[in-house]
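One structure below.
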Amino acid sequence: MAGQAQATRGGEPVNPRAHERSGIARTLGVTITHLSRDRVAAELTAHDDLANRKMILSGGVLMALADMLGGTATTANLPEGGRTTTIESKTNFFAPVSLGDTVSAECTPLHRGRSTMVWETRITRGDGKLAAVVTQTQLVMARQRQPE
């Protein structure tokens, strides 16, 4: 994965779990191009298996891409053993993505707190036109305790 093990934000390293490629990333064909505590970027190529009935990239795929990046960005910032889940997501669509086009997504923080983190993911088409913007809130959960 490009950009692995970058340390930013006070010199703290990225949580190693952020480098694990999720099942959804493999299924969609997402390639992470940058991973740090301050930014996660990725690319995805639109193909027939990801198309809607209009034979353009499904908006749900763009939402899933953004959700995956927001979760990865939060994970990069978690303390050892911390966990996260999405608790809110909002998507604005601006332009369709044709099959064969490759979208680029960049996820950056709007807020990083102890109990929640809020991320914005901007998704652009190959021609540079903005396709979607997703804002999502991630719940930050403490390490799960093991029963004694």
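The values are calculated or read from the model by the stated rules, or taken from the named source; none is laboratory data. Computed from a predicted model, the values in this text were never measured in an experiment. All Cβ positions, even for glycine, are placed from backbone atoms using ideal geometry, and neighbour counts span all protein chains on display.
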Residues (out of contact with any strand residue (DSSP E or B) (no Cβ under 7 Å at 6 or more places or on another chain) and either more than 16 Å from Ala25 (Cβ to Cβ) or among the hydroxyl-bearing types (Ser, Thr, Tyr) (or both)) located in region 51-81: Asn52, Arg53, Lys54, Met55, Pro79, Glu80, Gly81
Test: Leu69 is under 12 Å from the mean Cα position of the chain (by Cα) and over 16 Å from Ile123 (Cβ atoms): no
Any chance Ala76 is outside any strand (DSSP E or B), crowded, with 16+ Cβ neighbours inside 10 Å and at pLDDT 95 or above: yes
Single residue of region 58-72 satisfying the filter (among the aliphatic types (A, V, I, L, M) and touching a residue at least 60 places away in the same chain (Cβ under 8 Å)) that is nearest to Val140 (Cα to Cα): Ala66
Residue within region 31-50 that is in a helix (DSSP H, G or I), within 25 Å of Met117 (Cα to Cα), out of contact with any strand residue (DSSP E or B) (no Cβ under 8 Å at 6 or more places or on another chain) and without any contact (Cβ under 8 Å) to a residue 40 or more places away in the chain present: no
Pair list, Cβ < 6 Å and 6+ apart or interchain, from region 1-28 residues that are outside any loop (DSSP other than H, G, I, E, B) to residues that are of a type in the set (Val, Ile, Thr) and modelled with pLDDT of 85 or more: Arg17/Thr75; Ala18/Thr72; Ala18/Thr75
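Residue by residue, here is whether (1) crowded, with 21+ Cβ neighbours inside 10 Å; (2) of a type in the set (Ser, Thr, Tyr) holds:
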{"site": "Met63", "(1), (2)": "no, no"}
{"site": "Asp67", "(1), (2)": "no, no"}
{"site": "Gly71", "(1), (2)": "yes, no"}
{"site": "Gly81", "(1), (2)": "no, no"}
{"site": "Thr85", "(1), (2)": "no, yes"}
{"site": "Asn92", "(1), (2)": "no, no"}
{"site": "Thr102", "(1), (2)": "no, yes"}
{"site": "Cys107", "(1), (2)": "yes, no"}
{"site": "Leu110", "(1), (2)": "no, no"}
